[in-house]
């Protein structure tokens, strides 16, 4: 951990002193993260690429303000998230909210109790899951990505989105519960049709 | 051992803790015992574990090849560090300028005109703040270089009522705040 932090600090210092190759490696290392975030907000591919570029240009411009109080990836993710919000503001696109209560038991959650055998192994599952994730409110999808694909902690996700840890947890759990319910419904319908 | 089902929140929280190795032994034993006897919660736990694996296997479209090169070609020619010094130069100079402006103008007006004077000061303070580095604007700025005059204004300020001083300080604080805010454009900050 210490070595990793030292390397990060060194990389930032090198970039600040004008080492552009170090910045190129920073872009390589973080473009997947930035793309994950931007992908959730921006449907148009061309806009997405432009926005990703804009994010890294902001990272470059503001890198001297990075104080190593968080991980560099968290800081970059926050810039990406805020850039997306600015983008939506400019385009006057709304950002969702969802209202599902939190205190249901697992039994209550399963209005659909059918458990199709080996649903994980279905060839269609992955595609269907992606479709269902896309249908979720943007922030839910983003939290799922950051947690499962970027392996960020609740705290780090909270820092990116500017939300308390408890809210992040709540959104993450809701997102997974919605996905679980919707996938089950989807498979149940498929079985009925078959 | 608990009798009812676990809440969805409890179950997912437990599974996340297990996944990230941050579970407590006491909770672990309690939940494991419950899962052994409760098929509903066990099934839900299995579903969530499967769901997690499936999300992790989800494909995400990648950026087109050559993305890094395109970013690099758009970088400004200046180092990020030099831009940083410029911002901080503005940040340091602006409040100082605002303070000088206030010192030179506050209490030059009779009491009834103090509010107007303060507004006037703020206008000039803001003008100076916005154009700190635009040197040609300085000659037209009504600042006297006479140190004796500055001292007399200082003594006037300190001898004036507490309210006057307080208002002046609040104005300075506001200007300082505005300056710092201005340095954090596009909600970019290192806030964690």
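Please treat every number below as a calculation from the coordinates, not as lab data. Everything numeric here is computed off the predicted structure, so don't read it as measured data. We place every Cβ from the backbone using ideal geometry, glycine too, and count neighbours over all the protein chains shown.
How far, in nm, would the chain grow between residue B:60 and residue B:29 when pulled straight, counting 0.36 nm per residue and subtracting the alpha carbon separation?
On the way: separation 31, 0.36 × 31 = 11.16 nm, distance 3.72 nm.
My answer for the length gained is 7.4 nm.
What FRET efficiency do you get for residue A:88 and residue B:42 if R0 is 56 Å and r is their Cβ-Cβ distance, rounded to the nearest 0.05? Using R0 = 56 Å, I get an efficiency of 0.85.
Taking neighbour counts of Cβ atoms within 10 Å as a proxy for exposure, in what order, fewest first, do A:38, B:40 appear? If you can, show how the numbers build up before the last one.
Details: A:38 25, B:40 16.
Starting with the residue having the fewest Cβ neighbours, the order is B:40, A:38.
As a proxy for reagent exposure, B:41, B:58 were ordered by neighbouring Cβ count within 10 angstrom, fewest first; the result is B:58, B:41.
The Cα trace of the range B:1-61 gives Rg and Dmax of 12.8, 46 Å, the first to one decimal, the second as a whole number.
Taking other C-beta atoms within 10 Å as the exposure proxy, A:56, A:39, B:67 rank B:67, A:39, A:56 from fewest upward.
How high is the FRET efficiency from residue A:155 to residue A:14, r the C-beta distance, R0 25 Å, rounded to 0.05? The partial results should precede the final answer.
On the way: r = 28 Å, r/R0 = 1.12.
Efficiency, from the Cβ-Cβ distance: 0.35.
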